[in-house]
Amino acid sequence: MTVPQWNLSELVESTEPQYLKTELKNMVDSYQKFADNYRGRISEFDAGELRDMLEGRDELALHYEGIREYCSLIFSADMIDPTSNELNNAHIRASTEVGKAMAALGIELAQFLMKSPEIIDDPELADYRHYLEKQARAASHLLSEDEEKIIMTKDQNGIHVLSRLQSKWLSTRSFEVEIDGQTRSLSIGEIYAYMHDPERMTRRAVYESIGHTLKQDEILWSDILRTIVADHAAMCELRDYSSPLEPTLLANDVSIEALDSLMKVVQDNVELCQKFFRVRAQLLGLNRLGNWDLRAPLPNAPDNRYTWQEAKELVFSTYHDFDHELGKWANDVFERDRIDAQIRRGKRTGAFCSTWVAGRSAFILQSYNGRLNDVNTLAHEMGHAVHAYMYTREQNYSNCRVSLCIAECGSLMGELLLADRLMQQATSNEERKSILVKILDGFTLAVFQEGFRFIFESSLYNTLEMGEELDGAKISELWRLAQDRVYGDAVDWLDNSEWDWARFPHHYFAGTRFYNYPYTFAQLFVFSLYHMYKEQGAKFVPAFKKLLSAGSSRSTAELANELGMDIESPDFWQKGMEQAKKFLVELESIMNQ
Ligand SMILES: [Zn+2]
């Protein structure tokens, strides 16, 4: 099977390492010059001068984007090659220098916007309106330049070290588990592979071992987590945020009203999730699921294989039939060798899509094995790519920073459209069942399990606020409470699984709190959109493309409004639930045939 490797040479004038290192140095110098040129002048700017500065900064970013992309992508493609390591490190160092050089300018701009907020609505700045709005909202929470510098310096050797300690410690743990009659000692990465083992006893033993091993280090996990949570709460108070949630709402560009409506609908529909778990138990021939069965493979699921050519045709025609222009961009990704799908030693695992704004294009990385999951991953990443093709054609560089809540629109829609096509082509009920179960597995994970992880994280802050002790036992109790609400009486779970919170790295990301809800948001948002597509047919397509083209030029609520949706109303989110119900009804009717 010939699987493509990408061609990165278009990103740079020369791939000679010495040339690239000199260019990175030039980049740092150019940014330093740019910052020196504007330093101390912003407070006197009129709209035209502010526009010149923002355009100048965009130009600079576009000029050096290719080399930054190149250094980071060759590293993902080969993480053991000394040259790619060297270039990636040089790129990280240079980017840190750029960040430092530009930080003071950011604070100056923030202070100016607080003093003269009316400038944001000046017609001269129309292309930067929403970008400036976001800067202005964040501005009132910034401290002085010196204070910000001290925090940055102290965090380097403080909270960020703690944040990394969790993953380092977890990666050194050994998990003892009996597989096929043999006791084995596995790393966390190795044991994860057995969580979806077809053998039920193996899966149970794996979950038991994970919980048991995590519990041994409860003091470490809870001390790190409590410190990160307490640090975030203290910083929010210092920065005058109304709650620990507020900075993430600003970063994700959503309102609290929209999030409240979303979470209300998630909680009101939890029975839908439990109903699916009962159906899943039936499919596995069980009376009731254990938490170790939630992602178990279905017995008799066909193990279809797809050549690269077949995957390519499936994904291309999925987008092409939805809309010719999206099909054209998908084709462009294939024809220009923008995909690295080969399996190689040293290559990064997983999959991603990276936008290249200056080239109005994107690069995709995945490891293609020929299974249905790999075709699905290709459709997902292609959704990100066509999204990038759309907004990089319409927006300036500053408006190409799409928030997490909107970033998954193209990719999740692509997965649903692919599922549509596969359902039409399926030749057996076993095949149809596995397609529908895959959709509902993804849906219940993102909407309910991750949704309730948001509720868990909120309860950590509430506990601290009430002055209660947040030790391992308390954190586990809060985790259990949140999980119980998702599982109800539909799922049994192992006592030791109450330590599961300890293994998720995102609970410990110092800079990123409340990591889960954007995924809940994105999943239900796209299910609601797909529901509209099914109601409206071709009429829906131009509106959806408008959303993809908008990049980050408007807020999520504004974009939704333009599509005739009100994301602050529960009715909108309920549409997504109705769509999931439809899939479940379809699954049950196939099971009864
Ligand atoms: Zn994605």
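The values are calculated or read from the model by the stated rules, or taken from the named source; none is laboratory data. From a predicted model like this one, the values you see are computed outputs, not experimental measurements. Neighbour counts are summed over all protein chains in view; Cβ atoms, including those assigned to glycine, are modelled from backbone coordinates with ideal geometry. All accessible areas refer to the heavy atoms of the entire protein, side chains included, with ligands and DNA or RNA removed. Shrake-Rupley method; radii C 1.70, N 1.55, O 1.52, S 1.80 Å.
From its DSSP helices (H runs of at least four residues, each -39,500 (n - 2.57)), the chain gives a residue-normalised ellipticity at 222 nm of -21000 deg cm²/dmol.
Please compute the per residue accessible area over region 303-418 with all protein chains in place, 1.4 Å probe, rounded to a whole number of Å².
Values: 4310 Å² over 116 residues.
On a per-residue basis, 37 Å².
Within a straight-line Cα-Cα reach of under 24 Å, residue 215 can be paired with the following lysines, leaving aside sequence neighbours fewer than 8 residues apart in one chain: 168, 474. Counting only the backbone N, which residues of region 214-247 are under 18 Å from the spot 7 Å out from the Cα of residue 144 toward its beta-carbon? The answer is 238-240, whose backbone nitrogens lie closer than 18 Å to the label point. With only Cα atoms counted, the chain has Rg and Dmax values of 24.7, 75 Å. Counting heavy atoms of the protein chains alone, residue 194 has an accessible area of about 50 Å² for a 1.4 Å probe.
Between residue 78 and residue 343, the modelled labels are 2.1 nm apart [label points 7 Å from Cα along Cα→Cβ]. Axis of helix 129-139 versus longest Cα principal axis of the chain: the two differ by about 90°, to the nearest ten degrees. Calculated FRET efficiency, residue 41 and residue 304, Cβ-Cβ r, R0 56 Å, to nearest 0.05? Efficiency for this residue pair is about 0.35. Here the Karplus relation 6.51 cos²θ - 1.76 cosθ + 1.60, evaluated at θ = phi - 60°, turns the backbone of region 416-422 into coupling constants of 5, 5, 5, 4, 3, 5, 5 Hz, with x for every Gly and Pro. Taking region 9-145 as the region of interest, the number of lysine pairs whose Cα atoms are within less than 22 Å, with members eight or more places apart or on different chains, is 7. Heavy atoms of the protein chains alone define the surface here; on that basis region 9-145 has 50 Å² accessible area per residue at 1.4 Å probe size.
At the residue level, residue 116 shows approximately 20 square angstrom of accessible surface with a 1.4 angstrom probe and all protein chains present.
Amide H to amide H, with H built 1.01 Å from N, residue 361 comes under 5 Å of 356, counting only residues 5 or more places away or on other chains.
The antiparallel fraction among DSSP beta bridges confined to region 303-418 stands at about 75%.
Backbone geometry of region 367-373 corresponds, through the Karplus equation with coefficients 6.51, -1.76 and 1.60 at θ = phi - 60°, to 3J(HN,Hα) couplings of 10, 8, 9, x, 8, 4, 4 Hz, x marking Gly and Pro. Here the simple spin-label model places points 7 Å from the Cα toward Cβ, and for residue 352 and residue 569 these points are separated by 3.9 nm. On full extension, the segment bounded by residue 174 and residue 116 gains 15.1 nm, given 0.36 nm per residue less the C-alpha separation. In units of the compact-protein estimate 2.2 N^0.38 Å, region 9-145 shows a Cα radius of gyration of 1.22. I'd like the FRET efficiency for residue 394 and residue 13, computed as 1/(1 + (r/R0)^6) with the beta carbon distance as r and R0 of 22 Å, rounded to 0.05. The pair residue 394/residue 13 has a calculated efficiency of 0.20.
For residue 484 and residue 313, what does the FRET efficiency come to when R0 = 41 Å and r is the distance between their Cβ atoms, rounded to the nearest 0.05? Show your work: numbers first, answer last.
Numbers: r = 45 Å, r/R0 = 1.11.
It comes out at approximately 0.35.
Solvent-accessible area of residue 43, all protein chains in place: 50 Å² (probe radius 1.4 Å, heavy atoms, ligands and nucleic acids excluded). Counting only Cα atoms, the size of region 412-519 along its three principal axes is 59, 32, 19 Å, in decreasing order. Near residue 154: Cβ cut-off under 13 Å, other residues only, Lys/Arg at +1 and Asp/Glu at -1. The net charge is -4. Amide H to amide H, with H built 1.01 Å from N, residue 339 comes under 5 Å of 7, 364, counting only residues 5 or more places away or on other chains. Here the chain has 48 percent of its accessible surface on carbon and sulfur atoms, given a 1.4 Å probe and all protein chains in place. Note on residue 509 and residue 282: the model spin-label points, each 7 Å out from Cα along the C-beta direction, lie 3.8 nm apart. How big is the gap, in Å, between the Cα center of region 316-362 and the Cα center of region 45-112? Measuring centre to centre over Cα atoms gives 24 Å. Along its first, second and third principal axes, ordered by size, region 195-289 spans 54, 36, 17 Å in Cα coordinates. For residue 290, the residues 5 or more places off, or on other chains, whose built amide H falls under 5 Å of its own are 492. Taking 13 Å as the straight-line reach from the Cα of residue 545, the aspartates and glutamates in range (excluding those fewer than 8 positions away in the same chain) are 323, 325, 394, 562.
Normalised by residue number, the volume inside the convex hull of the Cα atoms of region 303-418 is 109 Å³ per residue. At the listed q of 0.11, 0.19 Å⁻¹, the Debye profile of region 489-593, built from one uniform point per Cα, gives log10 I(q)/I(0) equal to -0.55, -1.05.
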